[in-house]
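Okay, so here's the structure we're looking at.
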Amino acid sequence: MVIREMSRAECLRMLAGAKLARLACAQENQPYVVPVYLAYDEASGCLYGFTTPGQKVEWMRANPRVCVEVDEITADDQWVSVIGSGRYEELPEAPGSDGARLWAEERPRHDSRLHECDDEGCDDERCDDERERAWQVLKDTHPVWWEPGCTAWAARTHRDSAEPLIFVYYRIWIDRVTGHQATRDARDAIPPYTEPAPSAGRWGWPLRRTLTRVFGGGDDRSYG
(Lines give C-alpha, C1' and ligand atoms only; values in the text may rest on other atoms or scores of the structure.)
Protein backbone atom coordinates (compact mmCIF):
# COMPACT_ATOMS: atom_id res chain seq x y z
CA MET A 1 0.00 0.00 0.00
CA VAL A 2 1.20 3.50 -0.90
CA ILE A 3 -0.14 6.55 1.00
CA ARG A 4 0.30 10.07 -0.34
CA GLU A 5 -0.68 13.49 0.94
CA MET A 6 -3.37 15.23 -1.08
CA SER A 7 -3.28 18.83 -2.28
CA ARG A 8 -5.73 21.43 -0.99
CA ALA A 9 -7.56 21.41 -4.33
CA GLU A 10 -7.96 17.62 -4.16
CA CYS A 11 -9.22 17.83 -0.60
CA LEU A 12 -11.83 20.42 -1.51
CA ARG A 13 -13.02 18.30 -4.44
CA MET A 14 -13.42 15.41 -2.04
CA LEU A 15 -15.46 17.59 0.32
CA ALA A 16 -17.62 18.75 -2.57
CA GLY A 17 -18.37 15.21 -3.72
CA ALA A 18 -18.94 13.59 -0.33
CA LYS A 19 -22.42 12.26 0.42
CA LEU A 20 -21.96 12.04 4.17
CA ALA A 21 -19.62 13.77 6.62
CA ARG A 22 -18.73 13.44 10.28
CA LEU A 23 -18.91 16.66 12.26
CA ALA A 24 -16.89 16.91 15.48
CA CYS A 25 -17.27 19.52 18.20
CA ALA A 26 -16.04 19.74 21.78
CA GLN A 27 -17.00 21.17 25.15
CA GLU A 28 -14.97 21.10 28.35
CA ASN A 29 -12.42 18.72 26.79
CA GLN A 30 -15.12 16.25 25.76
CA PRO A 31 -15.37 15.55 22.00
CA TYR A 32 -18.63 14.72 20.24
CA VAL A 33 -18.97 13.36 16.69
CA VAL A 34 -22.11 12.95 14.60
CA PRO A 35 -22.82 12.00 10.96
CA VAL A 36 -24.35 14.87 8.99
CA TYR A 37 -25.23 15.99 5.49
CA LEU A 38 -23.03 18.94 4.52
CA ALA A 39 -22.90 20.66 1.15
CA TYR A 40 -19.76 22.42 -0.09
CA ASP A 41 -20.24 25.80 -1.74
CA GLU A 42 -17.32 26.56 -4.05
CA ALA A 43 -18.23 30.24 -4.36
CA SER A 44 -17.89 30.92 -0.62
CA GLY A 45 -15.51 28.09 0.26
CA CYS A 46 -17.67 26.90 3.14
CA LEU A 47 -19.86 23.93 4.01
CA TYR A 48 -23.58 24.46 4.57
CA GLY A 49 -25.63 22.35 6.95
CA PHE A 50 -29.11 22.00 8.40
CA THR A 51 -30.29 20.58 11.71
CA THR A 52 -32.66 21.09 14.62
CA PRO A 53 -31.75 22.18 18.17
CA GLY A 54 -29.84 19.59 20.16
CA GLN A 55 -26.50 18.77 21.75
CA LYS A 56 -24.27 19.56 18.80
CA VAL A 57 -25.92 22.95 18.26
CA GLU A 58 -25.55 23.84 21.94
CA TRP A 59 -21.91 22.80 21.95
CA MET A 60 -21.06 24.59 18.70
CA ARG A 61 -22.70 27.77 19.94
CA ALA A 62 -20.48 27.60 23.03
CA ASN A 63 -17.35 26.57 21.12
CA PRO A 64 -17.47 27.25 17.36
CA ARG A 65 -14.17 25.46 16.64
CA VAL A 66 -15.18 22.30 14.77
CA CYS A 67 -13.75 19.58 12.58
CA VAL A 68 -15.24 17.77 9.56
CA GLU A 69 -14.14 14.38 8.20
CA VAL A 70 -15.13 12.64 4.97
CA ASP A 71 -13.81 9.41 3.52
CA GLU A 72 -14.27 6.91 0.73
CA ILE A 73 -13.13 3.31 1.21
CA THR A 74 -12.88 0.93 -1.74
CA ALA A 75 -10.64 -1.69 -0.11
CA ASP A 76 -8.28 -2.06 2.83
CA ASP A 77 -5.49 -0.64 0.70
CA GLN A 78 -7.56 1.77 -1.42
CA TRP A 79 -9.14 4.71 0.41
CA VAL A 80 -9.29 8.50 0.71
CA SER A 81 -9.70 10.50 3.92
CA VAL A 82 -10.01 14.29 4.23
CA ILE A 83 -10.21 16.39 7.41
CA GLY A 84 -11.22 20.05 7.46
CA SER A 85 -10.84 22.27 10.51
CA GLY A 86 -12.88 25.42 10.78
CA ARG A 87 -15.51 27.55 12.49
CA TYR A 88 -19.23 27.08 13.01
CA GLU A 89 -21.51 30.00 12.13
CA GLU A 90 -25.24 29.86 12.63
CA LEU A 91 -27.37 31.58 10.01
CA PRO A 92 -30.06 33.50 11.91
CA GLU A 93 -33.51 34.28 10.70
CA ALA A 94 -33.99 37.73 9.32
CA PRO A 95 -36.35 40.07 11.17
CA GLY A 96 -39.82 38.83 10.30
CA SER A 97 -38.70 35.64 8.58
CA ASP A 98 -40.99 32.65 8.99
CA GLY A 99 -38.32 30.15 7.98
CA ALA A 100 -38.50 28.36 11.30
CA ARG A 101 -42.18 27.57 10.77
CA LEU A 102 -41.92 26.12 7.28
CA TRP A 103 -41.26 22.56 6.31
CA ALA A 104 -37.53 22.33 5.83
CA GLU A 105 -37.77 21.46 2.14
CA GLU A 106 -39.69 24.68 1.46
CA ARG A 107 -37.83 27.82 0.48
CA PRO A 108 -37.37 30.28 3.39
CA ARG A 109 -39.53 33.31 2.77
CA HIS A 110 -39.98 36.71 4.36
CA ASP A 111 -42.87 37.52 6.68
CA SER A 112 -42.90 40.83 8.57
CA ARG A 113 -45.10 39.53 11.41
CA LEU A 114 -42.49 37.49 13.33
CA HIS A 115 -39.65 38.22 15.74
CA GLU A 116 -36.51 40.19 15.09
CA CYS A 117 -33.09 38.73 14.41
CA ASP A 118 -30.89 38.14 17.45
CA ASP A 119 -27.66 38.61 15.49
CA GLU A 120 -26.25 42.04 16.31
CA GLY A 121 -25.96 44.16 13.21
CA CYS A 122 -28.01 41.78 11.10
CA ASP A 123 -30.20 43.27 8.39
CA ASP A 124 -33.19 41.67 6.69
CA GLU A 125 -31.64 41.32 3.27
CA ARG A 126 -28.36 39.77 4.43
CA CYS A 127 -30.03 37.22 6.73
CA ASP A 128 -32.53 36.24 4.06
CA ASP A 129 -29.77 35.86 1.48
CA GLU A 130 -27.61 33.65 3.74
CA ARG A 131 -30.40 31.23 4.63
CA GLU A 132 -31.60 31.24 1.03
CA ARG A 133 -28.11 30.34 -0.13
CA ALA A 134 -27.84 27.51 2.41
CA TRP A 135 -31.24 26.16 1.37
CA GLN A 136 -30.32 26.27 -2.30
CA VAL A 137 -26.91 24.59 -1.93
CA LEU A 138 -28.28 21.83 0.32
CA LYS A 139 -31.25 21.19 -1.96
CA ASP A 140 -29.03 20.88 -5.02
CA THR A 141 -26.60 18.51 -3.27
CA HIS A 142 -28.76 16.12 -1.20
CA PRO A 143 -32.33 15.18 -2.22
CA VAL A 144 -33.38 14.56 1.42
CA TRP A 145 -31.00 16.99 3.15
CA TRP A 146 -33.64 17.97 5.71
CA GLU A 147 -34.71 14.44 6.75
CA PRO A 148 -31.98 13.46 9.31
CA GLY A 149 -32.41 16.63 11.36
CA CYS A 150 -36.19 16.51 11.39
CA THR A 151 -36.32 12.77 12.07
CA ALA A 152 -33.88 13.03 14.97
CA TRP A 153 -35.95 15.82 16.49
CA ALA A 154 -39.17 13.81 16.19
CA ALA A 155 -37.54 10.72 17.73
CA ARG A 156 -36.21 12.54 20.79
CA THR A 157 -37.66 10.59 23.72
CA HIS A 158 -37.60 13.39 26.30
CA ARG A 159 -38.95 16.09 24.01
CA ASP A 160 -41.87 18.17 25.21
CA SER A 161 -44.77 17.58 22.83
CA ALA A 162 -45.45 21.32 22.88
CA GLU A 163 -41.87 22.18 21.85
CA PRO A 164 -41.89 23.94 18.46
CA LEU A 165 -39.91 22.56 15.56
CA ILE A 166 -37.10 25.04 14.86
CA PHE A 167 -34.85 24.80 11.81
CA VAL A 168 -31.18 25.67 12.20
CA TYR A 169 -29.19 26.57 9.11
CA TYR A 170 -25.44 26.91 9.58
CA ARG A 171 -22.15 26.94 7.74
CA ILE A 172 -18.62 25.77 8.46
CA TRP A 173 -15.82 28.08 7.36
CA ILE A 174 -12.87 25.88 6.39
CA ASP A 175 -9.60 27.29 7.74
CA ARG A 176 -7.38 24.26 7.09
CA VAL A 177 -7.82 21.05 5.17
CA THR A 178 -5.64 17.96 4.88
CA GLY A 179 -6.09 14.61 3.21
CA HIS A 180 -4.43 11.30 2.41
CA GLN A 181 -5.01 8.78 -0.34
CA ALA A 182 -4.01 5.13 -0.22
CA THR A 183 -3.45 3.13 -3.39
CA ARG A 184 -2.46 -0.45 -4.00
CA ASP A 185 1.26 -1.04 -4.52
CA ALA A 186 1.85 -3.16 -7.62
CA ARG A 187 4.75 -4.87 -5.83
CA ASP A 188 2.34 -6.18 -3.21
CA ALA A 189 -0.01 -7.73 -5.74
CA ILE A 190 -0.40 -11.51 -5.38
CA PRO A 191 -0.73 -13.33 -8.73
CA PRO A 192 -3.89 -15.41 -9.11
CA TYR A 193 -3.59 -19.05 -8.10
CA THR A 194 -3.12 -21.48 -10.97
CA GLU A 195 -3.26 -25.19 -10.33
CA PRO A 196 0.03 -26.74 -11.51
CA ALA A 197 -0.06 -29.17 -14.41
CA PRO A 198 0.75 -32.81 -13.57
CA SER A 199 4.44 -33.57 -13.84
CA ALA A 200 5.41 -36.27 -16.28
CA GLY A 201 8.27 -37.33 -14.03
CA ARG A 202 5.91 -37.80 -11.08
CA TRP A 203 2.88 -39.36 -12.70
CA GLY A 204 4.27 -40.87 -15.93
CA TRP A 205 6.12 -43.87 -14.39
CA PRO A 206 3.26 -45.23 -12.17
CA LEU A 207 0.76 -44.88 -15.05
CA ARG A 208 2.95 -46.71 -17.56
CA ARG A 209 3.75 -49.40 -15.01
CA THR A 210 0.05 -50.04 -14.38
CA LEU A 211 -0.73 -50.20 -18.12
CA THR A 212 2.16 -52.61 -18.66
CA ARG A 213 0.89 -54.96 -15.97
CA VAL A 214 -2.64 -54.94 -17.39
CA PHE A 215 -1.86 -55.23 -21.10
CA GLY A 216 1.62 -56.71 -21.02
CA GLY A 217 4.57 -55.43 -22.99
CA GLY A 218 7.79 -56.44 -21.39
CA ASP A 219 9.75 -55.60 -18.32
CA ASP A 220 8.06 -52.62 -16.65
CA ARG A 221 11.38 -51.64 -15.14
CA SER A 222 12.47 -50.43 -18.56
CA TYR A 223 10.07 -47.54 -18.34
CA GLY A 224 11.38 -44.50 -16.66
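The values are calculated or read from the model by the stated rules, or taken from the named source; none is laboratory data. Note that this is a predicted model, so its numbers are computed, not measured. Because the Cβ atoms are built from the backbone with ideal geometry, glycine has one as well, and the counts that use them run over all protein chains shown. The accessibility values were calculated without ligands, DNA or RNA, using every heavy atom of the protein model including side chains. Shrake-Rupley method; radii C 1.70, N 1.55, O 1.52, S 1.80 Å.
The table for this structure:
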| quantity | calculated |
| --- | --- |
| With every protein chain in place, the stretch 1-64: carbon and sulfur % of accessible area (1.4 Å) | 50 percent |
| Per-residue ³J(HN,Hα) for the stretch 136-150, Karplus 6.51 cos²θ - 1.76 cosθ + 1.60, θ = phi - 60°, Hz, x for Gly and Pro | 5, 5, 5, 4, 6, 9, 10, x, 10, 4, 8, 5, x, x, 5 |
| Cα-only Debye scattering, the stretch 20-101: base-10 log of I(q)/I(0) at q = 0.12 Å⁻¹ | -0.43 |
| Trypsin sites (Lys or Arg not before Pro) lying in DSSP loop within the stretch 1-42, provided at most 15 other Cβ fall within 10 Å | Lys19 |
| For the stretch 23-38, 3J(HN,Hα) per residue [Karplus equation, 6.51 cos²θ - 1.76 cosθ + 1.60, θ = phi - 60°, Hz, x = Gly/Pro] | 9, 10, 9, 8, 8, 6, 6, 10, x, 8, 10, 9, x, 9, 8, 10 |
| Peptides ranked, highest mean first, by Cβ atoms within 10 Å: ranges 72-79, 40-47 | 40-47, 72-79 |
